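The values are calculated or read from the model by the stated rules, or taken from the named source; none is laboratory data. Please read these numbers as outputs of a predicted model, since none were measured by experiment. With ideal geometry, Cβ positions are generated from the backbone for all residues, glycine too; neighbour counts draw on all protein chains shown.
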């Protein structure tokens, strides 16, 4: 059986990092510490950061955490999520709280370098799952790092993780459980110096985005704060291309997909997509809402229809079922399922993501592209090549415009 992976992409073959990028030299670090926030804004993101290499990891750990015990503890954290496979958030939520993905090592290296030994600084990770990123930021030497996630299982995992860390690192980490729009933030007012948010913005409606950028973030961040956000891109699904060519500002699409799940394989995640359709959605629909219909049960490699009459589907879906699923054969599968899932997806290009930040009084310092294994990509053109080699997420590093406090409170 040759099943094309839809959600799990193959590991990319990336360029070799040159020795000159292997770590910041001491003079660069001293300059960064002396120039503070202004220098952080212009610090380049290195092309490739293998944080499993101690010679690259150790220089971005705090000067107080240079012992071998600290380095090995940090390395264990890296290995949990470096080039890891996607997984559902939470053990008991059955995917309702989304997915967690491999770390973005180049972006994490940038933050750890920029805020190394910044004991007076406070960081916040929004929707950070089990908190490996937050733990590594504490190893970099920030004074405090807060982890937020909506899933109680992920917070429990984070608290267990903290117990395995050295006390001088563990004491810098705090967790905030719950929906970010509902949590108590009074202790963070005007205190947060950077926010890391990797898997959140594409789940929000326009009204929620406005509340986030006009209300919550201005309330808790300092004027010098860095906001590092990444979101799902459209480039792994060709069906978005024509719509974006006609509507380049569009970020919301009604998507219908037919997905194959083989039980006991791939963590019971979908492993093949038979077809995808997409059209621009004008309504401010909740991206977390979806409808799911079972088309076929699979038993002993046989497709057993779960619908009484194919005419219950729209004509275009009927045609796709006939041409894309019915001719398909599968071998050596004891049990599985083919489902039809319809929902509203939010995906962003670097351009329309940047415009959202600019709309709310932020200046985008840099945009970046992330591949399926978490590494930064230089991908041009974006729509060509194998799906596994395309951009999975796009991101920005932004700051509030400094000539005046334009933030709404």
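Looking only at the stretch 285-302, count how many residues are in contact with a helix residue (DSSP H, G or I) (Cβ under 8 Å, 6 or more places away or on another chain) and either at pLDDT below 95 or not assigned by TED's automatic domain parsing to the domain that holds residue 265 (or both).
In the first step, residues of the stretch 285-302 are kept if they are in contact with a helix residue (DSSP H, G or I) (Cβ under 8 Å, 6 or more places away or on another chain); the result is 287-288, 295-296.
The next check asks that each one be either at pLDDT below 95 or not assigned by TED's automatic domain parsing to the domain that holds residue 265 (or both); those that pass are 287-288.
Residues meeting the conditions: 2.
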Please go through the stretch 286-314 and give me each residue that is in a loop (DSSP other than H, G, I, E, B) and either more than 26 Å from the chain's Cα centre (by Cα) or surrounded by 15 or more Cβ atoms within 10 Å (Cβ to Cβ) (or both), ordered by number. 287, 300, 301, 306, 307, 308, 309, 313, 314
Sort out which residues of the stretch 360-383 are out of contact with any strand residue (DSSP E or B) (no Cβ under 7 Å at 6 or more places or on another chain), over 15 Å from residue 106 (Cα atoms) and in contact (Cβ under 8 Å) with a residue 60 or more places away in the chain, and write them in order of number. 360, 382, 383
Here are some residues: 123, 141. Which one is on the phi > 0 side of the Ramachandran plot, modelled with pLDDT of 95 or more and either assigned by TED's automatic domain parsing to the domain that holds residue 81 or buried (at least 22 other Cβ atoms within 10 Å of the Cβ) (or both)? 141
From 279, 258, residue being surrounded by fewer than 16 Cβ atoms within 10 Å (Cβ to Cβ), not in a helix (DSSP H, G or I) and not assigned by TED's automatic domain parsing to the domain that holds residue 154: 279
If residue 205 passes every condition in (1) surrounded by fewer than 19 Cβ atoms within 10 Å (Cβ to Cβ); (2) touching a strand residue (DSSP E or B) at 6+ places or on another chain (Cβ under 6 Å); (3) in the same structural domain as residue 374 (by TED's automatic domain parsing) but one, which one does it miss? (2)
Going through (1) more than 21 Å from the chain's Cα centre (by Cα); (2) free of Cβ contacts under 8 Å to residues at least 60 places away in the same chain; (3) under 29 Å from residue 88 (Cβ atoms) one by one, residue 190 fails only at (3)
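What tally of residues in the stretch 150-198 results from selecting those that are assigned to a loop (DSSP other than H, G, I, E, B) and over 20 Å from residue 99 (Cα atoms)? If you could, list the steps in order and put the result at the bottom.
Narrowing the stretch 150-198 to residues assigned to a loop (DSSP other than H, G, I, E, B): 150-151, 164-166, 171-172, 178-185, 189-191, 198.
From the residues that got through so far, the ones that are over 20 Å from residue 99 (Cα atoms) too are 164-166, 171-172, 182-185, 189-191.
Qualifying residue count for the region: 12.
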The stretch 315-348, residues that are part of a strand (DSSP E or B), surrounded by fewer than 16 Cβ atoms within 10 Å (Cβ to Cβ) and either at positive phi or more than 27 Å from the chain's Cα centre (by Cα) (or both): 335
Residues being in contact with a helix residue (DSSP H, G or I) (Cβ under 9 Å, 6 or more places away or on another chain), touching a residue at least 24 places away in the same chain (Cβ under 8 Å) and part of a helix (DSSP H, G or I) - total across the stretch 59-74: 5
If you go through the stretch 235-245 one residue at a time, do you hit one that is touching a helix residue (DSSP H, G or I) at 6+ places or on another chain (Cβ under 7 Å), in a loop (DSSP other than H, G, I, E, B), in contact (Cβ under 8 Å) with a residue 24 or more places away in the chain and surrounded by 12 or more Cβ atoms within 10 Å (Cβ to Cβ)? yes
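One line per residue, one yes/no per condition, for (1) modelled with pLDDT under 95; (2) closer than 21 Å to residue 128 by Cα:
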| position | (1), (2) |
| --- | --- |
| 160 | no, yes |
| 165 | no, yes |
| 174 | no, yes |
| 184 | yes, yes |
| 252 | no, no |
Of the numbered conditions (1) out of contact with any helix residue (DSSP H, G or I) (no Cβ under 7 Å at 6 or more places or on another chain); (2) surrounded by 14 or more Cβ atoms within 10 Å (Cβ to Cβ); (3) in contact (Cβ under 8 Å) with a residue 12 or more places away in the chain; (4) over 27 Å from residue 238 (Cβ atoms), residue 398 fails exactly one; give the number of that condition. (1)
